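See below for the structure under consideration.
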Amino acid sequence: MKTLSPLQIERLKYQPKLPECLKKGINSLELVEGSKTESVRDQEQIKELFKNTYGKPVVSFKNSISLKASEARHVGVILSGGQAPGGHNVIAGLYDALKQANSSNKLYGFLGGPSGIIDGKYIEFTDEFMDKYRNTGGFDIIGSGRTKLETEEQFQKSLAVCKNLGISAVVIIGGDDSNTNAALLAEWFVKNNTGIQVIGCPKTIDGDLKNEQIEISFGFDTATKTYAELIGNIERDANSAKKYWHFVKIMGRSASHVALEAALQTQPNITLISEEVEEKKMSLDSIISYMCDIIVKRANMGKNFGIAVIPEGLIEFIPEMKSMISNLNDIMATLENDPDFVNATTIRDKFDIVENRLESANAKVYSSLPILIKGQLLADRDPHGNVQVSKIETEKLLIEMIQERLSELKLQGEYIGKFSAQSHFFGYEGRCAFPSNFDADYCYSLGFNAFALINFGLTGYLSSVRNLTAPASQWIAGGIPLTMMMNMEKRHGEMKPVIQKALVKLDGPVFKQLEEHREDWALNDRYLFPGAIQYFGPSCVCDVTTCTLQLERAKTLAAV
């Protein structure tokens, strides 16, 4: 028999909160349509690719006076991509909503991500099974995966599996790439008159799947609080020992939302923001100069310690590195089947082959890097053909280069301190934590709302729950067309439709908050120690959401 921790026992008892309109029941809802939509960019190309699902309106729900009967439905659900706290609650909300609408409804979970719907691997949810996973972290309820849904063969197999199970709707819980899959599958199902709907749910701890209708992706709240606790603990240690510089790389592949939020919660001495580096065209050398300047100034104050927060994707935003990596990604796609590269006897032979294929400026950048980083840049690509930045130890690259620069400054008599560094990477620690009260409520609402969208016959939509800084009862439930968030981007050397990532806005209120205080935080130890996520106690401790969401919503409300 599986043993549960005391916290898990208590979390299983928690009943997530719902927006008022959803609380009154699936069969008492009325659909309200807004204006027609268009994609964020490349409108003509996206419209051509999504002829059957493009241009649909934003929708919201309100309560109806009359009750509506709900026909029996079989629904499939997929967890796709990396884990994010609260995924189990999305499924719990979906399950409860469909059972509330009609007790004969069935929910099937496809195992191992999108490959489950292709291969026909699934389980049927029951009350007993679902109740074991409520308010828990992880995606272990059915597992996840990164298989892309994009080929005719995959679509045909998915259709056959759905027909076999009598499934009339599929919910895909994932990030930008996963919901791009959802959009493609929805379009194909409509084009081929299958009668099967597809609804997405916005998941990613990276926080880069958002717009005015999707205020935050689920998991971001819990993950950033988890990382902030760890950084706060390190700050306390640094302030106690006073002898180490801690370089903390923090998850977030393309956008720096996670690093920025963790910095606002903990106030470290240095925070690098990838989008700022790109905007200011900061070279690797200028970044080292910036960091060394703070290290030297603190050393002159007798402070040979500090905390630097570094976003995971930084290396791809440094102009010369971005150009080199883009060039390298294209080359690696061709080298996968190159016998000279595949059969190279040493790693240095592989370096030589790559440098000979790179454009001259990019080859120069690549050859200048430490062997450790050069090797990591050649590691297997992700399913989209991109370098896996989580495997690039950017924090160690910075430490090595800073050590060299400080040694030069010491020889010149411009540095009198001692530099001893510790490196950390916080990523997986935050992906499967027990969801915060906010994420538990938000995810449950997203799942419940997803079935409401299904119940009204919608397809190609993303579940949307808004007004999130208000109490849950005042949240606004609805949906937005997936095509509304799309643009064309180069993937594997081809232009493809993808959901556009939302990067940190340098003119936005969240970055401005960091910018206003970073000089003070650099030299003065204003460390904050947020501690562990709290589930019980006063609302100001247990239910408060991220600094990011509060600052962004405050600006939005001020503009209304």
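Miscellaneous remarks
- Counting only Cα atoms, region 175-254 measures 67, 18, 18 Å along its principal axes, largest extent leading.
- Dipole size of region 139-297 about its Cα centre, with +1 on Lys/Arg Cβ and -1 on Asp/Glu Cβ: approximately 380 debye, rounded to the nearest 20.
- Averaged over residues, the count of other Cβ atoms within 10 Å places the peptides 133-143, 407-417, 448-458, 485-495 in the sequence 448-458, 133-143, 485-495, 407-417, highest first.
- Once the Cα-Cα distance is subtracted from the 0.36 nm per residue extended length, the Asp285 to Asn487 segment shows a gain of 69.4 nm.
- Across the chain, Cα pairs under 8 Å and at least six residues apart give a relative contact order of 24 percent.
- Here the calculated FRET efficiency for Lys163 and Asn467, from their Cβ-Cβ distance with R0 = 45 Å, stands at 0.70, rounded to the nearest 0.05.
- Interchain or long-range residues, amide H under 5 Å from Lys496's placed H: Glu489, Lys490, Arg491
- Label point 7 Å beyond Cα of Tyr428 along Cβ direction - residues of region 66-84 with amide nitrogen under 19 Å: 80-84
- Shape of region 451-560, Cα gyration tensor, a/c cut at 1.5: oblate
- Global geometry of region 41-150, whether rounded, prolate or oblate, following the gyration tensor of its Cα atoms and the 1.5 cut on a/c: oblate
- Applying Stokes-Einstein at 20 °C and 1.002 mPa s to the Kirkwood radius of the chain, computed over alpha-carbon pairs, gives a translational diffusion coefficient of 86 µm² s⁻¹.
- Region 344-423-region 1-57 distance, computed between alpha-carbon centres (Å): 42
- Take region 383-439 with all the other protein chains still there, run a 1.4 Å probe, and you get 48 Å² of accessible area per residue.
- Rounded to the nearest 20 debye, dipole of the chain from Cβ charges on Lys, Arg, Asp, Glu: 1120
- Counting only protein heavy atoms and a 1.4 Å probe, region 223-295 has 29 square angstrom of accessible area per residue.
- In the context of the full set of protein chains, region 463-560 has a per residue accessible area of 49 Å² (1.4 Å probe).
- The chain: calculated mean residue ellipticity at 222 nm from DSSP helix runs of at least 4, using -39500 (n - 2.57): -13500 deg cm²/dmol
- Around Asn27: net Lys/Arg minus Asp/Glu count, Cβ-Cβ under 15 Å: +3
- Region 237-251 residues near the modelled Ser420 label - backbone nitrogen below 17 Å, point 7 Å along Cα→Cβ: 237-247
- Among Thr3, Thr37, Phe125 the positive-end extreme of the charge dipole of region 1-146 (Cβ point charges): Thr3
- As a fraction of the 1.4 Å probe accessible area of the chain, surface on carbon and sulfur atoms comes out at 50 percent.
- Dipole of the chain [Lys/Arg +1, Asp/Glu -1 at C-beta], most positive-end residue of Val354, Ile533, Gly207: Ile533
- Listed by chain and number, the aspartates and glutamates whose alpha-carbon sits under 18 Å from that of Lys56, ignoring those within fewer than 8 places in the same chain, are Glu30, Glu33, Glu38, Asp42, Glu44, Glu48, Glu187, Glu212.
- Of all DSSP beta bridges confined to region 1-144, the antiparallel ones make up roughly 70%.
- Here the extension length gained between Glu153 and Lys23 equals 42.7 nm, from 0.36 nm per residue of separation less the Cα-Cα distance.
- Candidate lysines - alpha carbon under 19 Å from Lys24, same-chain residues fewer than 8 apart omitted: Lys62, Lys68, Lys99
- Accessible-area value, His424, 1.4 Å probe, nucleic acids and ligands omitted, Å²: 50
- Only aspartates and glutamates eight or more places from Lys490 in sequence, or on another chain, were considered; those with a Cα closer than 12 Å are Asp330.
- About the Cα centre, charge dipole magnitude for region 220-353 (Lys/Arg +1, Asp/Glu -1 at Cβ), debye: 900
- Counting lysine pairs in region 220-361 that sit 8 or more residues apart in sequence, or on different chains, and whose Cα atoms lie under 18 Å apart gives 7.
- Here the Karplus relation 6.51 cos²θ - 1.76 cosθ + 1.60, evaluated at θ = phi - 60°, turns the backbone of region 204-214 into coupling constants of 4, 5, 5, x, 9, 10, 6, 7, 5, 8, 10 Hz, with x for every Gly and Pro.
- Hydrodynamic radius of region 1-85 per Kirkwood, over alpha carbon pairs, in Å: 17.9
- Between Glu38 and Lys243, the contour length at 0.36 nm per residue exceeds the alpha carbon distance by 68.3 nm.
- Nearest-ten-degree value, helix 547-559 long axis tilted from longest Cα axis of the chain: 70
- Anisotropy class of region 317-433 from Cα gyration tensor, a/c 1.5 cut: oblate
- For region 75-89, the Karplus equation 6.51 cos²θ - 1.76 cosθ + 1.60, evaluated at θ = phi - 60°, returns couplings of 10, x, 10, 10, 9, 10, x, x, 5, 8, x, x, x, 5, 6 Hz by residue, with Gly and Pro reported as x.
- Amide H contacts of His246: Gly306, Ile307, Ala308, Gln422, each under 5 Å away and 5 or more positions distant or on a separate chain (H built 1.01 Å from N in the peptide plane; Pro and chain starts excluded).
The values are calculated or read from the model by the stated rules, or taken from the named source; none is laboratory data. Note that this is a predicted model, so its numbers are computed, not measured. Heads up, the Cβs are rebuilt from the backbone with ideal geometry, glycines too, and the neighbour counts pull from every protein chain shown. Note: accessible area is taken over every heavy atom of the protein model, side chains too, but ligands, DNA and RNA are not part of it. Shrake-Rupley method; radii C 1.70, N 1.55, O 1.52, S 1.80 Å.
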